[in-house]
1. Check segment 149-163 and report whether any residue there is small (Gly, Ala, Ser) and surrounded by fewer than 18 Cβ atoms within 10 Å (Cβ to Cβ).
2. When segment 402-415 is examined, which residues are found to be in contact with a strand residue (DSSP E or B) (Cβ under 6 Å, 6 or more places away or on another chain) and either in a loop (DSSP other than H, G, I, E, B) or of a type in the set (Val, Ile, Thr) (or both)?
3. Considering only segment 207-253, state which residues are of a type in the set (A, V, I, L, M, F, W, C) and under 22 Å from Ser400 (Cα atoms).
4. Is it true that some residue in segment 469-487 is at pLDDT 50 or above and closer than 30 Å to Pro258 by Cβ?
5. For segment 447-466: of the residues being in a loop (DSSP other than H, G, I, E, B), at pLDDT 65 or above and under 20 Å from Arg248 (Cα atoms), which is farthest from the ligand (Cβ to nearest atom)?
6. Specify which of the listed residues (Arg217, Arg179, Arg259, Arg194) is at pLDDT below 90 and either hydroxyl-bearing (Ser, Thr, Tyr) or not in a loop (DSSP other than H, G, I, E, B) (or both).
7. For the condition surrounded by fewer than 24 Cβ atoms within 10 Å (Cβ to Cβ) and touching a Cys at 6+ places or on another chain (Cβ under 9 Å), what is the one hit in Thr241, Thr190, Thr246, Thr255?
8. Any residue in segment 289-301 that is closer than 18 Å to Phe233 by Cα sitting within a Cβ distance under 8 Å of a residue that is of a type in the set (Ser, Thr, Tyr)? List the pairs, counting only those 6 or more apart or interchain.
Amino acid sequence: MRKRRATTIGVLAMTVLATVRSEAATFYVAATDGNDDHAGTLAAPFKTIGRGLSRAAPGDTIIVRAGTYPESVTVATERVTLKNYPGERPIVDGSSISGGPYAPLVSLTANGTAVDGFMVRDSVGCGIVVRKADNCAVRRCVVDGTSRHGIGVLIDTHHTLVEDCEVRRHNTCNMPEVRGKPSWGSGITTGAGRNADVTIRRCNVHEGWGEGICVSRLTDTARVEYCEIYDNFSAQLYADTARNATFRYNLIYGTRNPRFYRGRTGNVGGGIALANEVKKKGYGHGHRVYGNLVAGTVRQCISVGGDGIEDALIYNNTCVGGVVACVQSARLQPGGAWIRNNIFVHGSGKIANVGHGCASFESNLWSRPRSEVDPMAHGPADIYGVDPRLLNVPGWDTLSPGAVAGAWFALRPDSPARDRGLRLSAPNYCAEALEAGSVWTGSVRTLDQSRYGAGWEIGAFVYTPLGAASAPRQPEDGAHPGAPAAETGP
Ligand SMILES: [Ca+2]
């Protein structure tokens, strides 16, 4: 009896394997020499992505060769992956496709679908949108030139990954040339419904006319990490009417490109902002903002406010240039935000809108004298009126697009921020010891900061990947590094 049962199970397993194997087909598409009457093999590919998708069964893969595809693409079959041919970059081109203002050029609308390795450009609406689907992924895509969102994670999506993407020239409807009826879009956005568990990782979002990355309307639990975000018209990184957003280890800056000024000359879009614009009850709480590097965003490095932010922990960030705009609102009570262990370096401009009882400040380093910092932002164990001795002392006012290194934010050995931070512990504060390989160009480390002495540092902790006992390399005083210090062997 036992033997017979085992045999039955064995046969069943073989049947399942055989069934899966026969279902997981791969189709090929090539714009240059394909034909939709072909069989869709590598030797005889289809011509259009749409033809491949029409043939796809759950679990299939469609591999697309280099070429331009003037198609609106919808992946509506579960577990279908749309992938570039290795080493080639197919282009989905929307310049001849009409549609509504938010119509996506590429859509993922079924569970487990993915798009990987494409360029998506010139959409009259959005670039790539995941909508009403779970466990989807957008990987290694370049989205260039969209009237609204570059990449959107919208309406009841769960467990979404957006990884290693570049998004640029988004929300072109708000370009200076066409501005008039502003309409809103972001480089990468979540929103328009109850999304949960979104990860946006190692994406480069720049030179757009809306927000950079926005975790928005009714999103619960999102992580934005290791991204590089610069020169966006509005906030570079924004949480609005969301909850439990984690923003960590992002490199954020403005280069003062007038193409992206918001209004008056020099008004570079803000850095990180937390708000609850529509005052939605149950949202605006639980955000964690740590380990971010923000430079040259002028108007604000970090903004907290906008009706009902609660339980926001903002710690160990380094902000250079800009001001902390902390907007009072009736629903933002003292303790709504805890702002600790951050470095705030300011130029000659006024430090505006700080405090107003909306946040609890402690153990921050301010480059300006105590008398110039809003008393509402004073806290115990603060450090005032000192240069934090970051690696890149000159040069913050002349940042160049795509040429800012995280290592520039490293503390020099004589930095007054070393061993002066407030010790923060789990579970409220993230306690991972080591993070490596980020776009910061130096490696990243938070909280376990014993490398620079036993105490905890103030600011986002960046070290250059030298020997264990080494401090950041120092350029010659007065020299603009121009690039991260070269690594030398221990
Ligand atoms: Ca230390």
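The values are calculated or read from the model by the stated rules, or taken from the named source; none is laboratory data. In this text, all values refer to a predicted model and were calculated from it rather than measured experimentally. Glycine also receives a Cβ, built like all others from the backbone with ideal geometry; neighbour counts cover every protein chain displayed.
1. Initially, segment 149-163 is screened for residues small (Gly, Ala, Ser), giving 150, 152.
Still in the running and surrounded by fewer than 18 Cβ atoms within 10 Å (Cβ to Cβ): none.
Within segment 149-163, none of the residues are small (Gly, Ala, Ser) and surrounded by fewer than 18 Cβ atoms within 10 Å (Cβ to Cβ).
2. Val404, Ala410
3. Filtering segment 207-253 for residues of a type in the set (A, V, I, L, M, F, W, C) gives 209, 213-215, 218, 222, 224, 227, 229, 233, 235, 237, 239, 242, 245, 247, 251-252.
Within segment 207-253, Trp209, Ile213, Cys227, Ile229, Phe233, Ala235, Leu237, Leu251, Ile252 qualify.
4. Step one: list which residues in segment 469-487 are at pLDDT 50 or above, which gives none.
No: segment 469-487 contains no residue that is at pLDDT 50 or above and closer than 30 Å to Pro258 by Cβ.
5. Within segment 447-466, the subset in a loop (DSSP other than H, G, I, E, B) is 447-449, 453-455, 457-461, 464-466.
When the remaining residues are screened for being at pLDDT 65 or above, the result is 453-455, 457-461.
Now drop any that are not under 20 Å from Arg248 (Cα atoms), which leaves 457-461.
Working: Glu457: 5, Ile458: 10, Gly459: 11, Ala460: 13, Phe461: 8 Å.
My answer is Ala460.
6. On the way: Arg217 fails: either hydroxyl-bearing (Ser, Thr, Tyr) or not in a loop (DSSP other than H, G, I, E, B) (or both); Arg179 fails: either hydroxyl-bearing (Ser, Thr, Tyr) or not in a loop (DSSP other than H, G, I, E, B) (or both); Arg194 fails: either hydroxyl-bearing (Ser, Thr, Tyr) or not in a loop (DSSP other than H, G, I, E, B) (or both).
Only one candidate passes the filter, namely Arg259.
7. On the way: Thr241 fails: touching a Cys at 6+ places or on another chain (Cβ under 9 Å); Thr190 fails: surrounded by fewer than 24 Cβ atoms within 10 Å (Cβ to Cβ); Thr255 fails: touching a Cys at 6+ places or on another chain (Cβ under 9 Å).
That would be Thr246, the only listed residue that is surrounded by fewer than 24 Cβ atoms within 10 Å (Cβ to Cβ) and touching a Cys at 6+ places or on another chain (Cβ under 9 Å).
8. As it stands, the answer is Val294/Tyr253; Val294/Thr318; Ala295/Tyr253; Gly296/Tyr253; Gly296/Thr255; Thr297/Tyr253, since those pairs meet every condition given.
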